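Here the structure comes first, spelled out in structure tokens, and everything after it is commentary.
The values are calculated or read from the model by the stated rules, or taken from the named source; none is laboratory data. Model, not experiment: these values are computed from the prediction. Here the Cβ positions follow ideal geometry from the backbone for every residue, glycine too, while neighbour counts run over all protein chains shown.
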Amino acid sequence: MATTYVRRIAPVPKGVFSAASTYAALDVVKYNGKSYICKIAVTTAGAWNAANWMEICSDGANGTNGAQGSPGAAATISVGTVVTGAEGADASVENVGTTSAAIFNITIPRGATGQTGSKGDPGERGVTGPTGATGAGITSISAVDANGEITITVG
């Protein structure tokens, strides 16, 4: 029976060359701004050895800069709601708008209840009210009856 050797027939991109990697024939790497294809299997990791690689292309020169773009709209920020959260909770800010028109809903945690303060000074005395109407006077007091009740006649 005849022996058939199967070899790669297409390049395989491997990214940036790494001295910690091994490579097979037709592996393609990027090294110092150029692309290389591996000519033979590199079975031991190590530093770059140009004899194992063939340059296939290099980075081109940088192009010229494009024209200045027109100014964008200014972003806006506004406050939506401000609420008191639970004591001991974290403060939070949530943007319920967009990245260019932010609306911030804010939660601020309730503080711990403070100690009772000292008693304040008494207030000033109020104005005396008007004199009330004179009531009807007692015109007579009768004797105490058998039940111990007194009869008073108001005039």
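Screening the range 2-57 for strands (runs of 3 or more DSSP E) wholly inside it with 2 or more residues that are within 49 Å of the chain's Cα centre (by Cα) and loosely packed, with under 10 Cβ neighbours inside 10 Å returns the ranges 12-16. Every test in (1) within 25 Å of residue 59 (Cβ to Cβ); (2) modelled with pLDDT of 90 or more is passed by residue 22 save one, and that test is (1). Taking the conditions (1) in a loop (DSSP other than H, G, I, E, B); (2) outside the structural domain of residue 104 (by TED's automatic domain parsing) in turn, residue 87 satisfies each one other than (2). When residue 75 is tested against (1) exposed (fewer than 10 other Cβ atoms within 10 Å of the Cβ); (2) modelled with pLDDT of 90 or more, exactly one condition is not met: (1). Among the residues making up the range 101-152, those that are surrounded by 10 or more Cβ atoms within 10 Å (Cβ to Cβ), modelled with pLDDT under 90 and among the polar types (S, T, N, Q) are 142, 151.
Within the range 84-108, residues that are free of Cβ contacts under 8 Å to residues at least 12 places away in the same chain have Cβ atoms under 6 Å from residues that are among the small types (Gly, Ala, Ser) in these pairs: 95/102, counting only partners at least 6 apart in sequence or on another chain. Within the range 58-84, the set of residues being in a loop (DSSP other than H, G, I, E, B) and within 20 Å of residue 35 (Cβ to Cβ) comprises 59, 60, 61, 62, 63. As an exercise: evaluate residue 105 against (1) in a strand (DSSP E or B); (2) in the same structural domain as residue 19 (by TED's automatic domain parsing) and give the number of the one condition it does not meet. Answer for residue 105: the failing condition is (2).
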